[in-house]
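Novice: Here you go, one structure.
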């Protein structure tokens, strides 16, 4: 794979049409070479990558992991089950608010990927946008409900990886211990 990284830096743009001409030339060059300009996973960098390389890396990720291929679109069926569940739990979700927690324009979550330029071979793990997913509004409501009724200390929140490493140094652990990270 061939990818170029453009590091961030101060950019002074002239106020005339030169900026637009330059951007159009870059766009045309990307189209001519069947390349994509993507935001990098870390930092304020832009990655230029051939579209075929991008799609192959994505396909490799899907092939090498446990994905299930479905032949029928499950979004509408899931939305119907969710509405039935909301109706059954009216003591938690008031009848007047049931439409507030269902996504009327539901779609299957979109999947994209940002190249990890700081890793070898520049892998492209998936990023899933759940904002239009059927359960997004309900999950957000339930999360607030749980947090307000079961306050948890921030003992398990990590500010950054260095903070985590400092907290873990010197802790004895069993060999089969697993560390899990849930990014938000």
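The values are calculated or read from the model by the stated rules, or taken from the named source; none is laboratory data. Because the structure is predicted, anything quoted here is derived from the model rather than measured. Positions of Cβ are backbone-derived with ideal geometry, glycine not excepted, and every protein chain shown enters the neighbour counts.
Novice: Might you let me know whether the stretch 162-183 holds any residue that is in a loop (DSSP other than H, G, I, E, B), at pLDDT below 80, more than 28 Å from residue 74 (Cβ to Cβ) and within 25 Å of the chain's Cα centre (by Cα)?
Specialist: Yes; the residues of the stretch 162-183 include at least one that is in a loop (DSSP other than H, G, I, E, B), at pLDDT below 80, more than 28 Å from residue 74 (Cβ to Cβ) and within 25 Å of the chain's Cα centre (by Cα).
Novice: Among what's in the stretch 20-45 and is modelled with pLDDT under 90 and crowded, with 16+ Cβ neighbours inside 10 Å, pick the residue that is nearest to the chain's Cα centre (by Cα).
Specialist: Of everything passing the filter in the stretch 20-45, 41 is nearest to the chain's Cα centre (by Cα).
Novice: Okay, next question. Please determine whether any residue of the stretch 131-154 is under 30 Å from residue 43 (Cβ atoms), at pLDDT below 75 and loosely packed, with under 10 Cβ neighbours inside 10 Å.
Specialist: Scanning the stretch 131-154 turns up at least one residue that is under 30 Å from residue 43 (Cβ atoms), at pLDDT below 75 and loosely packed, with under 10 Cβ neighbours inside 10 Å.
Novice: Could you run through the stretch 34-55 and say how many residues are out of contact with any strand residue (DSSP E or B) (no Cβ under 7 Å at 6 or more places or on another chain) and free of Cβ contacts under 8 Å to residues at least 24 places away in the same chain?
Specialist: 2
Novice: Is the stretch 92-104 home to any residue that is within 30 Å of residue 56 (Cβ to Cβ), at pLDDT 80 or above and either surrounded by 12 or more Cβ atoms within 10 Å (Cβ to Cβ) or in contact with a helix residue (DSSP H, G or I) (Cβ under 9 Å, 6 or more places away or on another chain) (or both)?
Specialist: Scanning the stretch 92-104, I find no residue that is within 30 Å of residue 56 (Cβ to Cβ), at pLDDT 80 or above and either surrounded by 12 or more Cβ atoms within 10 Å (Cβ to Cβ) or in contact with a helix residue (DSSP H, G or I) (Cβ under 9 Å, 6 or more places away or on another chain) (or both), so the answer is no.
Novice: Taking the criterion of being surrounded by 12 or more Cβ atoms within 10 Å (Cβ to Cβ), at pLDDT below 85, in a loop (DSSP other than H, G, I, E, B) and in contact with a helix residue (DSSP H, G or I) (Cβ under 7 Å, 6 or more places away or on another chain), would at least one residue in the stretch 78-88 satisfy it?
Specialist: Taking every residue of the stretch 78-88 in turn, none turns out to be surrounded by 12 or more Cβ atoms within 10 Å (Cβ to Cβ), at pLDDT below 85, in a loop (DSSP other than H, G, I, E, B) and in contact with a helix residue (DSSP H, G or I) (Cβ under 7 Å, 6 or more places away or on another chain).
So that you can scan it fast, the table gives a plain yes or no per residue for (1) assigned to a helix (DSSP H, G or I); (2) under 13 Å from residue 126 (Cα atoms):
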residue	(1), (2)
31	yes, no
53	yes, no
62	yes, yes
71	no, no
